[in-house]
Amino acid sequence: MNTQPTPDQIFTVYGNMGGDPDQRTIEAKTYTKNVYNPVIDGPEERSWTQPEINFLTFSIATGGYDDKPLVWIPCVDWEGLAFRARKGDQVEVTGYFELRTYTDKKDGQEKTVRQLVVTNFRIRRAKVRHEAD
């Protein structure tokens, strides 16, 4: 099964950063499983390790002027492309949408969110920042 998005599934979104990117980490894990080994003609225990994964999450606000409603788009950046972006920067984000399901820690309910997986990121105009007096 091909998991790569097709060209008609790639979108480019223009908007403003809603906040600084938040760095998150998925901890490294070691898995153990019994698998069939044809040499000994029986099960054999095998282990493998999933390395630690660092990624960025952020939201982009788009629309909100004239008759266009304000829409917030949650984004996940597995490659760290948005590490220089800051709140208020005008950005261009290219990627594909995916659905992610998780269990809410507050009420234990399973929830689904649609997020943009970033494949390309560009700061179009950085917000002017003034040093604190």
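The values are calculated or read from the model by the stated rules, or taken from the named source; none is laboratory data. No experiment lies behind these values; they were computed from the predicted model shown. Reconstructed Cβ throughout: ideal geometry from the backbone, glycine too, with neighbour counts over all protein chains shown. Accessible surface areas use protein heavy atoms only, side chains included; no ligands, DNA or RNA. Shrake-Rupley method; radii C 1.70, N 1.55, O 1.52, S 1.80 Å.
Quick notes on this one:
- The residue list 6, 57, 62, 12 contains one member that is within 21 Å of residue 120 (Cβ to Cβ), β-branched (Val, Ile, Thr) and in contact with a Phe, Trp or Tyr (Cβ under 7 Å, 6 or more places away or on another chain), which is 62.
- Where residue 95 falls short, out of the listed (1) free of Cβ contacts under 8 Å to residues at least 24 places away in the same chain; (2) within 15 Å of the chain's Cα centre (by Cα): (1)
Per-residue answers, yes or no, for (1) at pLDDT below 90; (2) closer than 24 Å to residue 98 by Cβ:
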residue: 30; (1), (2): no, no
residue: 39; (1), (2): yes, no
residue: 54; (1), (2): no, yes
residue: 75; (1), (2): no, yes
residue: 78; (1), (2): no, yes
residue: 85; (1), (2): no, yes
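- Qualifying residue in the range 5-24 (condition: touching a strand residue (DSSP E or B) at 6+ places or on another chain (Cβ under 7 Å), more than 19 Å from residue 117 (Cβ to Cβ), assigned to a strand (DSSP E or B) and of a type in the set (A, V, I, L, M, F, W, C)): no
- Residues located in the range 64-87, provided they are in contact with a Leu (Cβ under 8 Å, 6 or more places away or on another chain) and either without any contact (Cβ under 8 Å) to a residue 12 or more places away in the chain or among the aromatic types (Phe, Trp, Tyr) (or both): 64, 83
- Some residue of the range 94-111 being under 30 Å from residue 129 (Cα atoms), open to solvent by less than 90 Å² (accessible area, probe 1.4 Å) and touching a strand residue (DSSP E or B) at 6+ places or on another chain (Cβ under 8 Å): yes
- Set 45, 79: member being among the acidic types (Asp, Glu) and either part of a strand (DSSP E or B) or in contact with a Cys (Cβ under 6 Å, 6 or more places away or on another chain) (or both): 45
The rows are residues; the columns are (1) touching a Gly at 6+ places or on another chain (Cβ under 8 Å); (2) of a type in the set (Val, Ile, Thr).
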| site | (1), (2) |
| --- | --- |
| 49 | no, yes |
| 74 | no, no |
| 79 | no, no |
| 87 | yes, no |
| 99 | no, no |
| 102 | no, no |
| 113 | no, yes |
| 118 | yes, yes |
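- Within the range 38-59, residues that are among the hydrophobic types (A, V, I, L, M, F, W, C) sit with their Cβ atoms under 6 Å from residues that are surrounded by fewer than 10 Cβ atoms within 10 Å (Cβ to Cβ), at 6+ positions apart or across chains, in these pairs: 48/31.
- Condition met for residue 125 (open to solvent by 90 Å² or more (accessible area, probe 1.4 Å), under 30 Å from residue 14 (Cβ atoms) and either of a type in the set (S, T, N, Q) or in contact with a Leu (Cβ under 6 Å, 6 or more places away or on another chain) (or both)): no
- Residues of the range 53-76 that turn out to be assigned to a strand (DSSP E or B) and surrounded by fewer than 14 Cβ atoms within 10 Å (Cβ to Cβ), as a count: 6
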